[in-house]
Amino acid sequence: MKSSELVQGTLDMLILKTLALEPLHGYGIALRIEQISKGVFRVNPGSLFPAFRRLERAGWIKPEWRPTENNRRAKFYQLTTLGRKQLKAETEEWGRQLAAITRIMRAPAISDL
Amino acid sequence: MFRIRSVVAGLRALFRKRQVEREMDEELRDYLDAAAKDKMRSGMSREEATRAARVEMGSVDAVKEEIRSAGWESTVETTWQDLRFGLRVLRRNPGFTAVAALTLALGIGGTAVVFSLLDAVLLRPLPYPHSERLFRLFPLEGKRKRGVEQASYADFRDWQRQSRTFESLAAYGGDSLNLTGTAEPERVQASTVTPGFFATLGVSPAMGREFRSDDTESVAILSYAFWKRRFGSDAGIVGKPIHLEGRAYTVVGVLPSQVRFRSHPWATPASDIFVPVVPTPARNWHSVRVLGRLAPGVSKEQALAEMNGIAARLAQAYPDSEQAQGIAFQPLAQYVVSGANQTVWLLLGAVAFVLLIACANVANLLLSQGAAREREMAIRTAVGASRGRILRQLLTESLLLAGSGGAIGVALAYWAIPLVGRIAPPFSSLFSRLEDAQLHLNWTVLGFSALLSVLSSVLFGVLPAWKAARPAQSTLAASRAGGMRGGLMALEVALSLVLLVGAGLMMKSLIRLLEVDVGFRTEHLLTMQVSLSEAKYSTPEKQAAYFDQVLQRLAAMPAVLSAGTVTDLPLTRNETSNGFEIPGPHPGQGTAGYHAVSAGYFRTMGIPLLNGRELEIGDSANSPLVGVINRSMAGKYWPAENPVGKTIVVYRYVAERTSAGTHVQFKPHMLEIVGIVSDIRQLGLDAPPDPELFMPYDQWPAQEMSLVLRVGAEPSWLIPRVEKEIWRVDPDQPVTDIKTMDEWVAREAAGRQFILLLIGAFASIAAVLAAVGIYGVASYGMRQRTHEIGVRMALGARRQQIVWLILRQNLSWLVIGIAAGLAGAIALTRLLASYLYSVRPTDPSTFALIVLVQLAIAALASFVPAHRATKVDPMVALRYE
């Protein structure tokens, strides 16, 4: 199945949403987004990691080094209180926009009449 | 909150670079591991999974670059990289860098010099609080309502009493006074001021107080500089007496150091002493300059309306004597720079041309460089540099160039600014302002130069960078670049042509001015001024006796051939003119310059007698009044007759001091014209002869006279002896303005010389830069066509043909440049008109000469590379590339 381009500016929101459940590391987040979207969205590391950097700087997510099973450490990201607030705000905004866009798309066009 | 976190993280990335990079590597490796493990779970072998994960991620370096550029610190990093790389590029091409930086240094440095003038003359405020509310007031007179400098004291008092829109009004005048009593007698520059004058300026004395309305006439206020120089900063000076004009004055105050007041914009030096204005009640006697401070919140228009109402009422109340029909205002800040502001803007315009030429030149150099760096740009683009990234890199290089050019330019300016201050023409408002505001390289000038550097880097850098960031893919683009180069060259030619024409016109004016026949022999003529103290020489007899003795002593000196005296020395911008009447059956009236002279004046000056007789020793106070007129006066008032033997009515100024002030009157006297002398330039070199009337000083005594000595040798060594000889008659009379007549002539030329020197310097720089530009374009063209030249020569083309080939490709742009320059010059030399003397702004011969000069420069600059082209070995040329 062909993967789609993400709608501009939604990657941050998706990352926040994936982290809302539990802290994850980079690949975990990418995998989760792919799985939940049933493979529609595939995020490549080139946009994923800069997004982490952005969100971290904004104070919405917090990195944490955790040991992995093979005696190495991995960087896990978790949502901060500020991030949770942001997610709520973005979710609401997204809902409003989605409803609006849907209304526009459903409106009868001349060819449909 | 976000900001702080971002700054901290950015700084950490910058300064803990290795740790941050390590963490990034670790995170990416972990990601790859996880991805590979995931794929192995779906059945891939370890190798396959690892490879697949890597393929999915793409270039690890590219991902890392993406991550790095997410933070602000990456901008800092790339800028730093760009700077280092730019420096390397500039160092690798020392020739190019040196030429470009020097070119910019000339442009930026020159502009900084002129800007420092602008800063001192126009930008720095007057040293008075709220000086924007200070205005000069001028009475408007006659049917045409001409504004005149001075108002009558009576008018001033009425304006002062009736005005509500002005917080305060004050009046002042200029004078020079003899200071005696201590050390050598000295003539000091003074201002007469009304009570409350300094309060109007917003200045309170540093010591003592200012004048009050209940002061006597014999009080004085000293300037800070004079108090320091003449009285050794005596802290107890207030209350002490000083002797002015033989009378005792009490010092009541000393001004603060920043106040340097001049009774006239070009009065030099600034006033040292201030004494009260002596009231003159006559309404037609214009003796004071009026200054006002607007009340807060009052607009200029409101004040004008009120003052014009007052003037109208006065004109109605005193229909016989009142001359002011209205009142005009000028901000004091504008008044003190009248004349200077035009000069400064003119010079700034001229130097802006130089800067533009410099920028065009460097742009051209960069375009040629860009062609040489095409390979580099192609590689950078191939390895993934974006166009914006390359543009940024190139602009950083431009900024570096402009920065180093600016730094050298500021160093040049630091050296040149005092030089300009030194050649500023004395007795001009420009000179006064520079002296008061102190011309130097200050922070404003430095800031302006920095700004100018950045601005010029954009000006010269954008076009070449834009061009280089898009390497020429087609011959079309290449030819467009050729057009750009040609266009820039034409621009340089045009701008430098305008400057050269300007300099040429000024040069011609100055030559014409110095060629003027002044009507007397200026060489070996020593001049000086003596002003007699009022108290000591109170009667005309005493005054005449003093000058008799002085002249006798001076004439007896062995080195002195002859000696004379005159009230207004020629070529010093001084002239006292007055009306006269011609009685008889056809009465008439006229105006002439009134001069009191000694019998030997004409002989000493070398002014030939045309008709009748000279003034003689026998024309004394007891014999009938006689006078000699000049040819202009004879021609103007007696065109068809011989005026010798005719009688005219002249008016003598008589001042009478009473308790109400000084009453001034003009008393009529009959005078017989006994001779006619030829015309001389009286007022100045550029002032055509006017009617002049000369009378013997025994009959027409004066307090202030100039002495002229015709000497056998170089006059300057005589000065101390002459002074001593004069002091033998009276040691209390200061001798001032001891100068040779040639010095006065030089002073007359100083204003135009100043403009010529600066515009000439700018034009020379412009011409050299334009020549370098033409040379650059021509040699670039030659290099581009080396191959073609080789082929042509191999096929038997002659040298002249090759030279012509190279010359021809520049010719059309050169012609366009010259045409544009001519059009520009015709449009712009009008701005020079007021500085020109007997040369029209569109003087055809100057224009023609300059075009020839410009063509010669262009031909020479393009001939050198063209000639080099013919030296190309055809074999080498064919292997070229």
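For the stretch A:67-89, give me each residue that is in contact with a Lys or Arg (Cβ under 8 Å, 6 or more places away or on another chain) and without any contact (Cβ under 8 Å) to a residue 24 or more places away in the chain. The answer is A:P67, A:R73, A:T80. Within the stretch A:44-84, being in a loop (DSSP other than H, G, I, E, B), out of contact with any Gly (no Cβ under 9 Å at 6 or more places or on another chain) and within 11 Å of chain B (Cβ to nearest Cβ) holds for A:T68, A:E69, A:N70, A:R72.
For the stretch B:260-319, which positions are in a strand (DSSP E or B) and modelled with pLDDT of 90 or more? Show your work before the answer.
Quick first cut of the stretch B:260-319, residues in a strand (DSSP E or B) only: B:273-276, B:286-294.
The answer is B:I273, B:F274, B:V275, B:P276, B:V288, B:R289, B:V290, B:L291, B:G292, B:R293, B:L294.
Quick check: anything in the stretch B:72-91 within 14 Å of chain A (Cβ to nearest Cβ) and farther than 30 Å from B:S404 by Cβ? Scanning the stretch B:72-91 turns up no residue that is within 14 Å of chain A (Cβ to nearest Cβ) and farther than 30 Å from B:S404 by Cβ. Among residues of the stretch A:28-43 being modelled with pLDDT of 85 or more and touching a Leu at 6+ places or on another chain (Cβ under 8 Å), the one that is farthest from the other protein chains (Cβ to nearest Cβ) is A:I33.
Among the residues in the stretch B:419-433, are any among the aromatic types (F, W, Y) and without any contact (Cβ under 8 Å) to a residue 60 or more places away in the chain? Looking through the stretch B:419-433, none of the residues is among the aromatic types (F, W, Y) and without any contact (Cβ under 8 Å) to a residue 60 or more places away in the chain. Only one entry of B:S538, B:S496, B:S533, B:S509 meets the criterion of being more than 30 Å from B:I774 (Cβ to Cβ), in contact (Cβ under 8 Å) with a residue 40 or more places away in the chain and polar (S, T, N, Q), and that entry is B:S533.
To keep it simple, each residue is scored yes or no on (1) in contact (Cβ under 8 Å) with a residue 12 or more places away in the chain; (2) in the same structural domain as B:I607 (by TED's automatic domain parsing); (3) within 20 Å of B:Y835 (Cβ to Cβ).
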position	(1), (2), (3)
B:M705	yes, yes, no
B:I726	yes, yes, no
B:G760	yes, no, yes
B:V772	yes, no, no
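When the stretch B:428-480 is examined, which residues are found to be among the charged types (D, E, K, R) and at pLDDT 85 or above? Of everything in the stretch B:428-480, those that are among the charged types (D, E, K, R) and at pLDDT 85 or above turn out to be B:R433, B:E435, B:D436. Among the candidates B:T97, B:T103, B:T78, which residue alone is touching a residue at least 24 places away in the same chain (Cβ under 8 Å) and under 27 Å from B:G384 (Cα atoms)? Only one candidate qualifies: B:T78. Tell me the residue from B:S659, B:S620, B:S632, B:S598 that is hydroxyl-bearing (S, T, Y), under 25 Å from B:V518 (Cα atoms) and out of contact with any Leu (no Cβ under 8 Å at 6 or more places or on another chain), please. On inspection, the qualifying residue turns out to be B:S632. Annotation: B:L123 fulfils all but one of (1) buried (at least 18 other Cβ atoms within 10 Å of the Cβ); (2) of a type outside the set (F, W, Y); (3) under 30 Å from B:F261 (Cα atoms); the unmet one is (1).
Conditions (1) of a type outside the set (D, E); (2) closer than 27 Å to B:P570 by Cα, marked per residue:
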residue	(1), (2)
B:W700	yes, yes
B:I719	yes, yes
B:D730	no, yes
B:P734	yes, yes
B:M741	yes, yes
B:A767	yes, no
B:Q784	yes, no
B:A794	yes, no
B:R799	yes, no
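When the stretch B:33-57 is examined, which residues are found to be aliphatic (A, V, I, L, M) and facing chain A (nearest Cβ under 8 Å)?
Taking the stretch B:33-57 as the starting set, the residues that turn out to be aliphatic (A, V, I, L, M) are B:34-36, B:40, B:44, B:49, B:52-53, B:55, B:57.
Matches in the stretch B:33-57: B:A34, B:A35, B:M57.
Would you mind listing the strands (runs of 3 or more DSSP E) fully within the stretch B:524-594 where at least 2 residues are touching a strand residue (DSSP E or B) at 6+ places or on another chain (Cβ under 6 Å) and modelled with pLDDT under 90? Write out each step before concluding.
Working: elements: B:525-531, B:560-566, B:577-582.
Result: B:577-582.
Within the span defined as the stretch B:785-798, every residue fails to be surrounded by 14 or more Cβ atoms within 10 Å (Cβ to Cβ), more than 30 Å from B:S509 (Cα to Cα), of a type in the set (S, T, Y) and in contact with a Pro (Cβ under 9 Å, 6 or more places away or on another chain). In the stretch B:744-753, is there at least one residue being more than 30 Å from B:V188 (Cβ to Cβ) and not small (G, A, S)? The answer is yes; a qualifying residue exists. For the stretch A:18-27, the set of residues classified as away from chain B (no Cβ under 12 Å) and crowded, with 19+ Cβ neighbours inside 10 Å consists of A:T18, A:L19, listed by residue number.
When the stretch B:339-386 is filtered for residues that are in a helix (DSSP H, G or I), touching a residue at least 60 places away in the same chain (Cβ under 8 Å) and among the small types (G, A, S), the ones remaining, listed by number, are B:A340, B:G349, B:A350, B:A352, B:A358, B:A360, B:A363, B:S368, B:G370, B:A371, B:A378.
Which numbered condition trips up B:L244, out of (1) under 26 Å from B:P125 (Cβ atoms); (2) touching a strand residue (DSSP E or B) at 6+ places or on another chain (Cβ under 7 Å); (3) of a type in the set (A, V, I, L, M)? So the condition that B:L244 fails would be (1).
Filter the stretch B:47-78 for residues that are among the polar types (S, T, N, Q), surrounded by 15 or more Cβ atoms within 10 Å (Cβ to Cβ) and within 48 Å of the chain's Cα centre (by Cα); which is nearest to A:L55 (Cα to Cα)? Don't jump to the end; show me each part of the working.
Our first condition is that a residue be among the polar types (S, T, N, Q); within the stretch B:47-78, this holds for B:50, B:59, B:69, B:74-75, B:78.
Remaining after also requiring surrounded by 15 or more Cβ atoms within 10 Å (Cβ to Cβ): B:50, B:69, B:74, B:78.
Remaining after also requiring within 48 Å of the chain's Cα centre (by Cα): B:74, B:78.
Details: B:S74: 17, B:T78: 23 Å.
Step by step, filter the stretch B:47-78, then rank; the result is B:S74.
The values are calculated or read from the model by the stated rules, or taken from the named source; none is laboratory data. Quantities reported herein were computed from a predicted structural model and do not represent experimental measurements. Because the Cβ atoms are built from the backbone with ideal geometry, glycine has one as well, and the counts that use them run over all protein chains shown.
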